[in-house]
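Enquirer: Below are the structure tokens for one structure; questions will follow.
The values are calculated or read from the model by the stated rules, or taken from the named source; none is laboratory data. Everything numeric in this text was worked out from a predicted model, so none of it was measured. Counting neighbours? That spans all protein chains shown, and the Cβs are built from the backbone with ideal geometry, glycine included.
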Amino acid sequence: MRISGKEFRAWDRKSITLLGMSGVGKTRLATRLSKRQWFHYSGDYRIGTRYLDEPILDNIKQEAMKVPFLRDLLRSDSIFIRNNITVDNLQPVSSFLGKLGNPEKGGLGLTEFKRRQALHRTAEIAAMKDVPEFIRKAHEIYGYRHFINDAGGSLCELDDPPVLEILARHSVILYIKATEKDEQDLIRRAEEDPKPLYYREAFLDEQLAIYLKDKGLNYVAEIIPDEFVRWMFPRLFYSRLPRYQKIADELGYTLTTDDLAQVKDEASFLRVVEKALDQLSA
């Protein structure tokens with residue numbers, strides 16, 4: 001949605017989609033605003049609780065069945081397992097996505113890894129297509145005045161134009177662009193604590209071939225999962241930047257992490273957004 005700062009200011013029921021790499025502050029901002037009149041829609045939470053709930057539980061049960069004590073209890077229906085996903089704790093989603101590599105070190109084989117990646121992509125598309133309905137629910141059921149879509153960092157990887165068209169039709173898309181300093185901080189944090197990531201299949205195949213050759217490995221099973229994630233993150237990060245920017249240039253607006261640092265409350269957030277909208281329309 002393209003509007004001027006003045007039009008945004010007059011918009012009685014504002015809807016915003018936050019776009020950007022995990023770690024730039026999208027969830028922190030959305031959580032801060034949700035304490036007031038903003039409904040916080042977490043794409044990752046929706047993925048985990050609605051579209052990947054059963055696959056996540058199946059994966060946990062499969063691991064539990066390897067333990068004789070738990071296997072007997074599960075088979076006799078003496079216990080049950082459920083997810084406890086929250087906006088602040090998305091570990092079940094992350095653990096399901098998994099890391100590629102040696103199974104003895106917690107890694108997944110390439111076929112299974114790609115299967116889970118494909119399930120995540122389908123789930124993320126579905127979660128983003130749910131945004132218009134949740135905008136309605138936010139107003140009509142929960143009584144929130146405004147709506148903020150905290151989209152996952154992999155939104156730019158989906159290559160699904162209808163999803164972006166839906167988001168642009170129903171919300172103002174704001175790309176949170178990391179400054180050079182924040183880019184390096186994101187990469188450093190990712191290296192210190194490597195987390196499962198979503199990759200476009202073509203990107204994964206290309207980078208995996210390079211990694212295996214550079215490391216002198218013959219099989220995916222020889223990969224140390226965390227080392228592969230550390231190696232991949234900067235490459236993934238810089239491959240996503242032009243994708244984010246293209247979406248912002250065509251359908252939305254760009255804020256920087258420095259802009260976000262100015263946000264202390266709802267009023268300062270609205271001022272930052274209005275300024276970004278006016279700069280583009282000037």
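Enquirer: Are any residues in segment 204-222 in contact (Cβ under 8 Å) with a residue 60 or more places away in the chain and in a loop (DSSP other than H, G, I, E, B), and if so, which ones?
Expert: Quick first cut of segment 204-222, residues in contact (Cβ under 8 Å) with a residue 60 or more places away in the chain only: 204, 208, 220-222.
Listed by number, the list is empty, since nothing qualifies.
Enquirer: Additional query: Going through segment 27-53 one residue at a time, which ones are closer than 11 Å to Ile148 by Cα and modelled with pLDDT of 95 or more?
Expert: Result: Trp38, Phe39, His40, Tyr41, Ser42, Gly43.
Enquirer: Where in segment 85-203 are there helices (runs of 4 or more DSSP H), lying fully within it, with 3 or more residues that are closer than 30 Å to Gln62 by Cα and among the charged types (D, E, K, R)? Spell out the reasoning first.
Expert: Values: elements: 91-97, 110-129, 131-140, 161-170, 180-192.
Those helices (runs of 4 or more DSSP H) span 110-129.
Enquirer: Condition first: in contact with a Phe, Trp or Tyr (Cβ under 8 Å, 6 or more places away or on another chain) and exposed (fewer than 15 other Cβ atoms within 10 Å of the Cβ). Can you find one or more residues in segment 173-188 that meet it?
Expert: The answer is no, given that none of the residues of segment 173-188 is in contact with a Phe, Trp or Tyr (Cβ under 8 Å, 6 or more places away or on another chain) and exposed (fewer than 15 other Cβ atoms within 10 Å of the Cβ).
Enquirer: Could you look through segment 59-88, keep only residues that are surrounded by 13 or more Cβ atoms within 10 Å (Cβ to Cβ) and free of Cβ contacts under 8 Å to residues at least 12 places away in the same chain, and pick out the one that is farthest from Phe113 (Cα to Cα)?
Expert: Looking at residues that are surrounded by 13 or more Cβ atoms within 10 Å (Cβ to Cβ) and free of Cβ contacts under 8 Å to residues at least 12 places away in the same chain, I get Leu73.
Enquirer: Sticking with this one: Between residues in segment 175-194 that are under 12 Å from Val229 (Cα atoms) and residues that are of a type in the set (Phe, Trp, Tyr) and part of a helix (DSSP H, G or I), which pairs lie under 9 Å by C-beta distance while being six or more apart or on different chains?
Expert: Sorted first by the residue in segment 175-194, then by its partner, the pairs are Ile187/Phe233; Ile187/Phe237; Ala190/Phe233; Ala190/Phe237; Glu191/Phe233; Pro194/Phe228; Pro194/Phe233.
Enquirer: Within segment 133-147, can you find the residues that are under 11 Å from His170 (Cα atoms) and either loosely packed, with under 15 Cβ neighbours inside 10 Å or basic (Lys, Arg) (or both)?
Expert: Across segment 133-147, the qualifying residues are Glu133, Arg136.
Enquirer: Further question on the same structure: Which one of Arg115, Arg121, Arg82 is more than 26 Å from Trp231 (Cβ to Cβ) and of a type in the set (Lys, Arg)?
Expert: Arg82
Enquirer: Given the structure, is Tyr253 of a type in the set (Ser, Thr, Tyr), within 20 Å of Phe147 (Cα to Cα) and in contact with a strand residue (DSSP E or B) (Cβ under 8 Å, 6 or more places away or on another chain)?
Expert: Answer is yes for this residue.
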